[in-house]
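Down below is the structure, laid out as structure tokens.
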Amino acid sequence: MDDIGDRLDALRRALREAGVDGFVLARTDMYGSEYLPAGEERVAWLTGFTGSAARVVVLPETAALFTDGRYTLQVRAEVDGARFETPHLIHQPPATWLRANAPAGLKLGYDPFLHLRAELDRLEKALAVHGGELVPLSPNPVDALWRERPPPP
């Protein structure tokens, strides 16, 4: 799976098999780190984006990569705009974007080791507007798809 589009399609298939409609991914590790070893760069593997601040939301028909103003040019250069919208992480965070884009009854998967409780609370409130819910997934479906994942340091 060398193509970003293939990876995104494979993730959507894996999510359907797991019984969820979408997935939210934070660019961090289980320690909340900003500086990640290569094997924790899930966002880069899935999207091509290599900046240090990012969140990704994948839904059945759309996907978004959120980053801040430091990466305005970089995100345009590294991410396929036909596959990923690129909202501003601060001005239109994932919870706000989900309020506008989540289909009714959305089951949004997440890796429980990669998110802070406050962030999950915001996402839960946004999904509740449409009768949706967050669903913890373990193992992380990105990890299961990433076959050439570098080993931990």
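Each residue of the range 61-66 in order: what ³J(HN,Hα) in whole Hz does its phi give by Karplus 6.51 cos²θ - 1.76 cosθ + 1.60, θ = phi - 60°, with x for Gly and Pro?
With coefficients 6.51, -1.76 and 1.60, one gets 10, 8, 8, 9, 10, 9 Hz.
Using 7 Å Cα-to-Cβ label points, what is the Arg117/Thr72 separation (nm, one decimal)?
Taking the simple label geometry, Arg117 and Thr72 are separated by 3.7 nm.
Sum -39500 (n - 2.57) across every DSSP H segment of at least 4 residues in the chain, then divide by the residue count to get the 222 nm mean residue ellipticity, nearest 500.
On the way: 6 runs with 52 residues, N = 153.
So the helix-based figure for the chain works out to -9500 deg cm²/dmol.
Give me the one-decimal nm value for the distance between modelled label points at Ser138 and Gln92, 7 Å along each residue's Cα-to-Cβ direction.
For the pair Ser138/Gln92, the computed spacing is 3.5 nm.
Place a point 7 Å from the Cα of Glu148 along the Cα-to-Cβ direction; which residues of the range 20-40 have their backbone N under 17 Å from it?
38-40
Please work out the average accessible area per residue across the range 1-54, using the 1.4 Å probe convention, and give it in Å². Write out the running numbers ahead of the final one.
Values: 2350 Å² over 54 residues.
With the other protein chains kept in place, the range 1-54 gives 44 Å² per residue.
Computed over the Cα atoms, what is the radius of gyration of the chain divided by 2.2 N^0.38 Å, N being its residue count?
0.96
Could you tell me the center-to-center distance, by alpha carbons, between the range 1-74 and the range 93-129 in angstrom?
Answer, in whole Å: 15.
So, with a 1.4 angstrom probe, what is the percent of accessible area on the chain that is carbon and sulfur? Numbers along the way, then the final one.
Numbers: 4070 of 7820 Å².
Solvent-exposed carbon and sulfur of the chain make up 52 percent of the total.
If you stretched the chain out fully between Tyr35 and Thr50, how much longer would it get, using 0.36 nm times the residue separation minus the C-alpha to C-alpha distance?
Taking 0.36 nm per residue and subtracting the Cα distance, the gain is 4.3 nm.
The values are calculated or read from the model by the stated rules, or taken from the named source; none is laboratory data. Model, not experiment: these values are computed from the prediction. Positions of Cβ are generated from backbone atoms using ideal geometry, with glycine treated the same way; all protein chains shown enter the neighbour counts. Calculation scope for accessible area: heavy atoms of the full protein, side chains included, ligands and nucleic acids excluded. Shrake-Rupley method; radii C 1.70, N 1.55, O 1.52, S 1.80 Å.
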